[in-house]
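One structure is given below, encoded as structure tokens.
Every read-out reported here was derived from the displayed coordinates using simple, explicitly stated rules and does not represent laboratory data. These figures come from a predicted structure and were not determined experimentally. Here Cβ is always computed from backbone atoms with ideal geometry, including for glycine, and neighbour counts include all displayed protein chains.
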């Protein structure tokens, strides 16, 4: 006799999958010879089961009114025959997917018959149903009736309830008349629910020496609700004649082992490969994968598993494309017509985690400090530019945030601005500078623009979140000092205040005539560089002449003087704004003001010199020069441009209507 064990781990059961077990089952029964009688108890549920409150009996005595379900009353609960028993399992656990052989004789009898040991023996390991009362017959062997008919019932009782719960209800016989003598119906007894009437119950066939009874697959058409079973089944409704077969003693069901899901933690975009080792002594006819998504409400999908190598069968579940739990089980059919169904397993499918970016690292710096990270970045300032005594490279990724790469010595070949690289490095901190050290790089591409450049103001420059990032600032040059500590300091004024543009001599940026000319006092410029701070004050490290540009507030214009205001009223009391667009010619002083209908000045929206011809789009919030809301009414927006060279004056105007709530 070959013992087949399939030990698996799982955590999920889906009640509507009809072939899935939700309680222990008896999967094999041997009625003869007496010394070789046994049952095979299988746990195909989703969790380990302790057998301590489980009972097994063949001791029904209908003629004398003795039934197992009377055990709670401790009266007339078994026949008392020397060949009958009502026994309680010892404190034993049965893990999910595993089975145990219970010899209905002694261990020595079982070993003499099969040459192996059973897990338990009725005579030597099982307990009496009632403490202090012998409820296992004195006959050496159980002597399950193999001549006419008998029943075998596995049930559960917690030791205090007034009722027991059916787990397996088996009846066999040579014909219905004989078998019906052992069929039971608890309908109307106490609080028991209705069982299937005896006239409608089914029974298993008998077998001879050298054969056994084996469960074909599940519980067939057994009702799964409204019964007295441990999980609500009506165990008396199983179509036993169809769910059980007589086979040769050496024939066993297929074995399903080594079930794997690849990947074990799939993402929504990934296919899932389910594989298993499936074996059988007589041969495999088919192996089927059945899966359900989502596990609680989805419809089961079945597909044939393919024999890939050796005993391995596999099938691919296409990417699910949404988060949730997928459940699946495997059904193996052998050439003898016997089916083995694995336990149901569950896989959690999740969206891929967000990619690690420099912004992620900076926002969770303590978690990443000392960790090795893999990033795809673009070089914003290359090696040998801001420092020539060691490597200092500033990089940025699509998050719009940056880090510095730091290493002793100079890189060879050097990294240059626009290099797209993959970097593997250790997150570190030097003072307050977030950096990567002990890094290695590989070039992905060259000549790429620095990604996600943000425009910040002088007030934001010193913020820790912005340090090391390649950003843009704009404003008017207010001061310039060359030859300061190996470089130049350019004072730039923007709407929030002053900041310093730091240019090291090693960059040779000011050797460029255009850049040098733009960084003269009075010019309006936009500058790209690395946000940093010096003694707590924000400063921008600029390194390349091409990163110094004249500032453009808007789009290129045709050189005319024109004003357009959105053609509808707005209500500043409700925090509404009105959009306006104004165009002006090059080399002009531009003045944009608002007057009331009496000609009184309300506010000046813009007044300054501009060297370029532009079209600018802005909004007005309905407030005057001292930031008070103006009264509802009609106002005039007036644009005036004066050419600095010719003195030519051009104007345009448009009405603005302020409403009230």
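Taking 0.36 nm per residue of separation and subtracting the Cα-Cα distance, full extension of the segment from residue 521 to residue 208 would add 101.7 nm.
The gain in end-to-end length when the residue 321 to residue 131 segment is fully stretched comes to 62.7 nm, 0.36 nm per residue minus the alpha carbon separation. Take each peptide in 168-180, 647-659, count the other Cβ atoms within 10 Å of every residue, and average; sorted highest first, the result is 168-180, 647-659.
Per-residue extension of 0.36 nm, minus the Cα-Cα distance of residue 158 and residue 650, leaves a gain of 167.3 nm for this segment. Here the simple spin-label model places points 7 Å from the Cα toward Cβ, and for residue 454 and residue 624 these points are separated by 3.8 nm. The protection proxy used here, the mean number of other Cβ atoms lying within 10 Å of each residue, ranks peptides 393-399, 221-227 as follows, highest first: 393-399, 221-227. Between residue 268 and residue 552, the C-beta separation translates, for a Förster distance of 35 Å, into a calculated FRET efficiency of about 0.20. Both radii are taken from the alpha-carbon atoms of region 358-445; with Rh as the Kirkwood radius, Rg/Rh is 0.93.
Diffusion coefficient of region 85-148 by Stokes-Einstein, Kirkwood radius over Cα pairs, 4 °C, 1.567 mPa s: 101 µm²/s.
Each helix, a run of at least 4 DSSP H residues, gives -39500 (n - 2.57); summed and divided by the residues of the chain, these come to -1000 deg cm²/dmol at 222 nm. Kirkwood hydrodynamic radius of region 299-391, from the reciprocal of the average inverse Cα-Cα distance over all distinct pairs: 19.3 Å. Normalised Debye scattering of region 25-248 at q = 0.10, 0.11, 0.12, 0.15 Å⁻¹ gives log10 I(q)/I(0) of -0.40, -0.49, -0.59, -0.99, counting only Cα atoms as equal scatterers and leaving out solvent. Normalised by the number of residues in region 406-476, the average gap of Cα pairs under 8 Å and 6 or more apart makes the relative contact order 27 percent. From least to most packed, judged by other beta carbons within 10 angstrom and beginning with the fewest, 153, 320, 443 follow the order 443, 320, 153. Sorting 377, 301, 473 by the number of Cβ atoms found within 10 Å of their own Cβ, with the fewest placed first, yields 301, 473, 377. Listed peptides 448-458, 250-260 appear in the order 250-260, 448-458 once ranked by packing, highest mean of other Cβ atoms within 10 Å at the front. Stokes-Einstein diffusion for region 520-562, with the hydrodynamic radius set to the Kirkwood value over Cα pairs and evaluated at 25 °C in a medium of 0.890 mPa s, equals 190 µm²/s.
Please find the FRET efficiency linking residue 571 to residue 191, where r is the Cβ-Cβ separation and R0 is fixed at 60 Å, and quote it to the nearest 0.05. After rounding, the FRET efficiency stands at 0.25. At the listed q of 0.11, 0.22 Å⁻¹, the Debye profile of region 170-299, built from one uniform point per Cα, gives log10 I(q)/I(0) equal to -0.63, -1.25.
Kirkwood's formula applied to the C-alpha pairs of the chain gives a hydrodynamic radius of 33.0 angstrom. With a Förster radius of 51 Å applied to the beta-carbon distance between residue 657 and residue 506, the computed FRET efficiency rounds to 0.30. Out of all DSSP beta bridges in the chain, what portion is antiparallel? Express it as a percent rounded to 5. Antiparallel bridges make up about 90 percent of those DSSP assigns within the chain.
For region 26-140, the Cα-based Rg and Dmax, in that order, read 14.4, 41 Å. For region 555-658, the Kirkwood radius over C-alpha pairs fed into Stokes-Einstein at 4 °C and 1.567 mPa s yields D = 92 µm² per second.
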